[in-house]
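The values are calculated or read from the model by the stated rules, or taken from the named source; none is laboratory data. Since we're looking at a predicted model, the values are computed, not measured. What goes into the accessible areas is simple: the full protein's heavy atoms, side chains included, and nothing from ligands, DNA or RNA. Shrake-Rupley method; radii C 1.70, N 1.55, O 1.52, S 1.80 Å.
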Amino acid sequence: MTSTVPASLTRTAEGSALQAVLLDMDGTLVDTEGFWWDVEVEVFADLGHRLDEVWREVVVGGPMTRSAGYLIEVTGADIAIEELTVLLNDRFEKRIGRGVPLMPGAARLLAELAAHEVPTALVSASHRRIIDRVLDSVGRHHFALTVAGDEVTRTKPHPEPYLAAAAGFGADPWRCAVVEDTATGVAAAEAAGCRVVAVPSVAPIAPAPGRVVVPSLEQVDLAFLRGLVASE
């Protein structure tokens, strides 16, 4: 976890119940879920295996070890998880080397959060090396704190990443709003006790108590996130 949290950011944002906003990366802020699947298809093709499209919904949003392990199991590929993880990260890093596209509404939301000095964190299952490359495109100045999947003991769907982010701000998890695009990420945030807005990218996510589902990040702004926390 990396943090540049000044003391002023630990206060409640403008006196509202909302204390912090915690954002997923792939598929939420940047349009890279398709990149990951393309990379997985390419790597397994090199290993002599063809991935079935139905497996995509299983691996989306998952930690690297879970996704890699699942694909090894279903294909029978003769490769260790550790070796496959390196291949996938190497190929993905090259893929995003020329920059990554932002999801619609992402730039506007990040600018609004910064303008109102809302403590904002990036919480991803991707490894630190990948997060740092993506931040070159998104702008690391938008985030006072970032949590990578290889920096926690248990990554999503375990609540540890979101609990770590909330603790980094000195915030109560139930007063943090989380934006996620996958069921795995939503499960992690809800288990941490956060309020969640889901913006599905690859697989559908059903509404539930404490969770709101919207079709696009363009429907999400600061007022929306404050309302999400205040509605408890």
Response to the item:
In order over region 79-85: 3J(HN,Hα) from phi, Karplus 6.51/-1.76/1.60, θ = phi - 60°, whole Hz, x for each Gly or Pro, gives 7, 7, 4, 4, 5, 5, 4
Response to the item:
Expressed in angstrom and ordered largest first, the alpha-carbon extents of region 37-181 along the principal axes are 51, 31, 24
Discussion item. Out of the total accessible area of region 95-232 (probe 1.4 Å, heavy atoms of protein only), what percent is carbon and sulfur?
Written reply: 55
Worksheet item: Full extension from GLU112 to ASP221: what is 0.36 nm times the residue separation minus their Cα-Cα distance, to one decimal in nm?
Response: 38.5 nm
Discussion item. Helix-only estimate, please: 222 nm mean residue ellipticity of the chain, summing -39500 (n - 2.57) across DSSP H runs of length 4 or more and dividing by its residues, to the nearest 500.
Written reply: -12000 deg cm²/dmol
Worksheet item: Using modelled amide H (1.01 Å from N, peptide plane; none on Pro or chain starts), what sits under 5 Å from the amide H of VAL213, excluding residues fewer than 5 places away?
Response: ALA198
Worksheet item: Percent of alpha carbon pairs in region 113-232 separated by more than 17 Å?
Response: 56
Worksheet item: Non-local amide H neighbours of LEU102 (under 5 Å, H modeled in plane, Pro and chain starts lacking H): which ones?
Response: ASP31
Worksheet, complete the sentence: Note to self: with every protein chain in place and a 1.4 Å probe, region 155-216 gives an accessible area per residue in Å² of 34
Practice prompt. Could you pull out every residue, at least 5 positions away or on a different chain, whose amide H is within less than 5 Å of the one on ALA171? Hs are placed 1.01 Å off N in the peptide plane, and Pro or chain starts have none.
Written response: none
